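Below you'll find the structure, written out as structure tokens, and then a few comments.
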């Protein structure tokens, strides 16, 4: 056994197993989901990139959001959103228009091409969801969704303060 693992503190830290780490489990799941989505985008995305996907996904549910609202819903900083939105506009998926009620703000609207790509993509992505949830009951999925929402709320509620290390 390596010398560093013999100390009581190291043994105690190892009692927190990797498969008990929410972050690790979520990351490993995301690493398996991402290639499935990218495969669907390559097959039917019509030019939609992974970076555009989440913005379009939100707009398919609620078109005409402000850039700020869209950034918040996707969970990305506004500068990142600007890059994705410009790419989406260049590809003809959205139109960026000034907000008639606020000259400092813009609103994002799907074009016909943007709606059509959604019509093609959403059934494929629902297929991914169905595949991933195979063997999981509706009640279990509701529980998972509620747990994930609570975890996001916990994260959003305040700043994490790391515990002090024992010496």
ask   = Do we find that residue 148 is part of a helix (DSSP H, G or I) and more than 23 Å from residue 44 (Cβ to Cβ) in this structure?
value = yes
query = Which of the residues spanning segment 87-105 are touching a strand residue (DSSP E or B) at 6+ places or on another chain (Cβ under 8 Å) and crowded, with 17+ Cβ neighbours inside 10 Å?
reply = 88, 93, 94
query = Among the residues of segment 92-107, is any farther than 27 Å from residue 31 by Cβ and either in a helix (DSSP H, G or I) or in contact (Cβ under 8 Å) with a residue 60 or more places away in the chain (or both)?
reply = no
query = Taking segment 128-156 as the search range and keeping residues that are in contact (Cβ under 8 Å) with a residue 24 or more places away in the chain and surrounded by 11 or more Cβ atoms within 10 Å (Cβ to Cβ), which one is nearest to residue 58 (Cα to Cα)?
reply = 128
query = If you take the residues of segment 11-38 that are without any contact (Cβ under 8 Å) to a residue 40 or more places away in the chain, closer than 23 Å to residue 83 by Cα and in contact with a helix residue (DSSP H, G or I) (Cβ under 9 Å, 6 or more places away or on another chain), which of them is surrounded by the fewest Cβ atoms within 10 Å (Cβ to Cβ)?
reply = 34
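Residues are listed down the side, and each one gets a yes or a no for (1) within 25 Å of residue 28 (Cβ to Cβ); (2) in contact with a strand residue (DSSP E or B) (Cβ under 9 Å, 6 or more places away or on another chain):
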{"position": "48", "(1), (2)": "no, no"}
{"position": "51", "(1), (2)": "yes, no"}
{"position": "59", "(1), (2)": "no, yes"}
{"position": "65", "(1), (2)": "no, yes"}
{"position": "80", "(1), (2)": "yes, no"}
{"position": "120", "(1), (2)": "no, no"}
{"position": "135", "(1), (2)": "yes, no"}
{"position": "138", "(1), (2)": "yes, no"}
{"position": "160", "(1), (2)": "yes, no"}
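Can you tell which of 118, 114 is modelled with pLDDT under 95 and under 20 Å from the mean Cα position of the chain (by Cα)?
Result of the check over 118, 114: 118.
The values are calculated or read from the model by the stated rules, or taken from the named source; none is laboratory data. These numbers were taken from a predicted model, which means no experiment stands behind them. Cβ atoms come from the backbone with ideal geometry, glycine included; neighbour counts cover every protein chain shown.
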